[in-house]
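The values are calculated or read from the model by the stated rules, or taken from the named source; none is laboratory data. Just so it is clear, the structure is predicted and the values come from calculations on it, not from any experiment. Cβ placement follows ideal geometry from the backbone for every residue including glycine, while neighbour counts extend to all protein chains displayed.
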């Protein structure tokens, strides 16, 4: 929630998270190099670096892609989501080392520009055994570069959350390209089955958790809520825990109805930072707090507290007995709506 | 997420969850097993008659005669030749260039009494390997 440009807003949790990432990366690299050197003493240093960084990058990408859906399925994973960008940039840097060493090893000794050589040295796109799998890796790297280069909130703010999110969901295309890059690369030298087996297991896991989280999400979209005089029936007030929200779908946009301090307020479910799900957050210190990165909004007007200037649309509410009704039409972002008091 | 991004996200995962496992399985099933040629130690499997051979650390070299009586020089590289442009020379005469294949065969006009095979790096202008047959 940076008001001014700051490279990284460090916190104790972020420092611990980054330290854990750094130690894990070093441990993996050292273990990989030591074990592979012992098993195969003839292996060159360049090959060891290419393989250790390649395997580490694909493992980290799997971890990164698991964090999102796991956080939707179980909020215990939310702390991992908070700093996922650091993990993403780390993965990109490791993938870059892999790409640079691979380019130097396999494309730097000819009379063609090494980068051009990646794309034109092998044109056997019709062959499975000799498919130019390096092209797939290069295309994935370009996507990852764009993501890493725009990962800072500076770009999020300048591009808009919508454009930024559109760019960053291209990670799924990068993932697909990388699965095929590894698969077709390994397929060209199938001396062992375990890399293919691990990659297949990882792919099934990633697809499985994403579909499970998507199925859970689609239940919200498929609610057919009854309407009455411009209001939508959102359910019973007792269904909502204190300081938590219920999320409903109105006109294909989501609305989060928060219950706090004996009151109810409804705001758009979409955080202005990264479009995170506000309705999966809590009311902390009287403020709606996004579960992804802690951006905060006042429940009654959808405005961030000073000095911040983010705003989300608000919705009118009424209570009939214990039944909640939400206005179908959203107010402009930042419009104050008096909270509904729960009188029982 | 807003509705349009949510829909795009969902569409992407529907496509990925169908297409990616299919492509993965396709690659797994239809990639032919790579021929294991590290045990290539004779020319018998070609039904050729082996005349002379030399086994060095990085290369196995053979002189053989096929059924039509044509003399062949067969080179089997045990490890990649670390040169972007290398040629094969027999008794100081160039036979051809090294390709990406681990085994290469050259036709010879006749059986040389003594064969000195040199793998020559044409960029650095130096010998990479030398075999006497």
Could you please find all residues in the range A:274-300 being farther than 12 Å from residue A:244 by Cα, away from every other protein chain (no Cβ under 12 Å), in a loop (DSSP other than H, G, I, E, B) and in contact (Cβ under 8 Å) with a residue 60 or more places away in the chain? A:293, A:294, A:295
Would you check which residues across the range A:75-92 are within 13 Å of residue A:149 (Cα to Cα), surrounded by 19 or more Cβ atoms within 10 Å (Cβ to Cβ) and within 12 Å of the chain's Cα centre (by Cα) and list them? A:85, A:88
Return the only residue of A:239, A:221 being within 14 Å of chain B (Cβ to nearest Cβ) and touching a strand residue (DSSP E or B) at 6+ places or on another chain (Cβ under 8 Å). A:221
Checking residue A:48 against (1) surrounded by fewer than 18 Cβ atoms within 10 Å (Cβ to Cβ); (2) more than 14 Å from chain B (Cβ to nearest Cβ), the condition it does not meet: (1)
Which residues, counting only those in the range A:165-178, are part of a helix (DSSP H, G or I) and within 12 Å of the chain's Cα centre (by Cα)? A:165, A:166, A:167, A:168, A:171, A:172
Can you tell me which of A:205, A:211 is within 11 Å of chain B (Cβ to nearest Cβ) and at pLDDT 80 or above? A:211
Do you know which of the residues in the range B:26-54 that are facing chain A (nearest Cβ under 9 Å) and either part of a strand (DSSP E or B) or surrounded by fewer than 12 Cβ atoms within 10 Å (Cβ to Cβ) (or both) is modelled with the highest pLDDT? B:30
From A:143, A:120, grab the single residue that is modelled with pLDDT of 90 or more and at negative phi. A:143
Go through A:217, A:241 for me and flag whichever is part of a loop (DSSP other than H, G, I, E, B) and touching a residue at least 12 places away in the same chain (Cβ under 8 Å). A:241
Scanning the range A:153-173 for residues that are touching a residue at least 40 places away in the same chain (Cβ under 8 Å), away from every other protein chain (no Cβ under 11 Å) and surrounded by 15 or more Cβ atoms within 10 Å (Cβ to Cβ) gives A:153, A:156
May I ask you to list the residues in the range B:4-25 that are more than 7 Å from chain A (Cβ to nearest Cβ) and either touching a strand residue (DSSP E or B) at 6+ places or on another chain (Cβ under 7 Å) or modelled with pLDDT under 85 (or both)? B:4, B:6, B:7
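Okay, residues lined up against (1) closer than 20 Å to residue A:206 by Cβ; (2) touching a helix residue (DSSP H, G or I) at 6+ places or on another chain (Cβ under 9 Å); (3) free of Cβ contacts under 8 Å to residues at least 40 places away in the same chain; (4) part of a helix (DSSP H, G or I):
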residue	(1), (2), (3), (4)
A:25	no, yes, no, yes
A:33	no, yes, yes, yes
A:37	no, yes, yes, yes
A:41	no, no, yes, no
A:46	no, yes, no, yes
A:51	no, yes, yes, yes
Considering the range B:80-108 alone, what residues qualify as being modelled with pLDDT of 75 or more, assigned to a loop (DSSP other than H, G, I, E, B) and within 23 Å of residue B:50 (Cβ to Cβ)? B:91, B:98
Within the range A:117-152, the residues that are under 33 Å from the mean Cα position of the chain (by Cα), within 14 Å of chain B (Cβ to nearest Cβ) and loosely packed, with under 15 Cβ neighbours inside 10 Å are A:125
